[in-house]
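The values are calculated or read from the model by the stated rules, or taken from the named source; none is laboratory data. Note that the coordinates shown come from a computational prediction; the quantities given were computed from them, not determined experimentally. So basically every Cβ, Gly included, is an ideal-geometry build from the backbone, and we count neighbours across all protein chains shown.
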Amino acid sequence: MQVFLYKYIDCEGGRRDALFSLGGEGRGMQIRGRRRCTDCGREWSYFDTGRVDCPDCGSQATEWVESEGTGELYSFSIQRQTPAWPDEALPLVLAYVELDEGPRMMSNVVDCDPDDLEIGDRVAVRFVPTEDDDVAVPVFAPVE
């Protein structure tokens, strides 16, 4: 059992959009973290600003720039015991991952010995399915 925050944002026309999404045919799942203005070409980190309109020209003609889902460990903490958490799910590694495109996001690091992790280690995203077929949770695993 794992607990995660899955963030949605409100978009133009009352549409809701997810920061984590399915990629196109054959591309697997992608993490969105940057926006690009289709009028002036400026890119910016959504995670840093939270804005969907262009910070340079003010245009609302913007689009997501999809991340490849690779980066490095910026910071992490190993939880060896946690009240009301299943023992078989411990230790739990909570981490800030700095994506290669710039944004940082909090997630879990899986499929590794936590004692072997170091700041700066390369990681890649994996997605854990949930009971809802439209939702998967992004976690990271070390890249060898």
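Regarding residue 90, is this residue without any contact (Cβ under 8 Å) to a residue 24 or more places away in the chain and not charged (D, E, K, R)?
Judged against the criteria, residue 90 is a match.
For residue 115, state whether it is surrounded by fewer than 16 Cβ atoms within 10 Å (Cβ to Cβ) and within 15 Å of residue 142 (Cα to Cα).
Judged against the criteria, residue 115 is a match.
Taking interchain pairs and intrachain pairs at least six residues apart, which have beta carbon atoms under 6 angstrom, with the first residue in segment 121-144 and under 15 Å from residue 73 (Cα atoms) and the second at pLDDT 95 or above and among the basic types (Lys, Arg)?
Matching pairs, first to second residue: 143/122.
Only one residue in 138, 83 is assigned to a loop (DSSP other than H, G, I, E, B) and modelled with pLDDT under 95. Which one?
83
Just to check your reading of the model, which residue among 143, 139, 97, 123 is out of contact with any helix residue (DSSP H, G or I) (no Cβ under 7 Å at 6 or more places or on another chain), closer than 30 Å to residue 36 by Cα and surrounded by fewer than 13 Cβ atoms within 10 Å (Cβ to Cβ)?
143
Restricting attention to segment 59-75, does a residue exist that is over 23 Å from residue 36 (Cα atoms), surrounded by fewer than 13 Cβ atoms within 10 Å (Cβ to Cβ) and at pLDDT below 85?
No, because not a single residue in segment 59-75 is over 23 Å from residue 36 (Cα atoms), surrounded by fewer than 13 Cβ atoms within 10 Å (Cβ to Cβ) and at pLDDT below 85.
Being surrounded by fewer than 18 Cβ atoms within 10 Å (Cβ to Cβ) and touching a strand residue (DSSP E or B) at 6+ places or on another chain (Cβ under 9 Å) narrows it down to one residue among 88, 131, 43; which is it?
43
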